[in-house]
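Beneath this line is the structure, given in structure tokens, with notes to follow.
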Amino acid sequence: MKPLITFSICFLLCLAVNGQSSEPKEAGLLRYILKKNYQPEKIIVKNRMQLLFFYCQKAPNTPEILQVIKDNPELKPFEKELKAAFKIPSTENWNTELTWICEQEGKSLTNKINGCKSKEEFISITEKKGSLIQRLLIVNKPIYFGTNQVLVRVASFKSSEHNSSGYYWFEQLEQGWIFKKIISDWTTSSIYGNQK
């Protein structure tokens, strides 16, 4: 076989292998969360204002996890692991997972996300529009516990008065991440307090 042909075949094989991106570790978690929160939304058509935004940082966990443990006795055996989670700073973002999901899902899901925004950028947009219909989805850094369990806090932010949050509980099995349930969820519909 001629050297040029051999080189060309090897080059094409390398491209094919490198082009098959493997699933990032937490992409399955994020894909489920995005589908759960964005799937029901209609695909935005040309010249229509986009309503959904995504916070691309993996938001750090807070001492709120202490109340989650208290309210959910089944988490008690993992208390030490869970308590340690909010002490770990998060400088990571969801860019790798989001890019992979976009490649896998095509535009059916990703067209609904108007782009990554900081909380400050999102507030500026809502103030300009004068409306509470825009939403910023904030997904915290996953908290791993036990041998194959994870909690992910997911918050939907509209304004200082209209928010919701909950912890998504997943279990990792051979076939991937399996959603179990949402715990410690709440909704704030006014400045006067939280409502379930």
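Quick notes on this structure:
- Cα gyration tensor, the range 99-180 - rounded (a/c under 1.5), prolate or oblate: oblate
- Sequence ranges 105-112, 86-93, ranked by mean other-Cβ count within 10 angstrom, highest first: 105-112, 86-93
- If the segment from I178 to A84 were pulled out straight at 0.36 nm per residue, it would be longer than the present Cα-Cα gap by 31.5 nm.
- Added length on full extension, which subtracts the Cα-Cα distance from 0.36 nm per residue, D185 to K25: 55.1 nm
- The order of the peptides 55-63, 133-141, 115-123 by mean Cβ neighbours within 10 Å, most packed first, is 133-141, 55-63, 115-123.
- Linear extension gain, K119 paired with K70, 0.36 nm per residue minus alpha-carbon span: 14.7 nm
Just so you know, all these numbers are worked out from the coordinates, no wet-lab data involved. Remember, predicted model here, so these are calculated numbers, not experimental data. In this analysis, Cβ positions are derived from the backbone assuming ideal geometry, glycine residues included, and neighbour counts consider all displayed protein chains.
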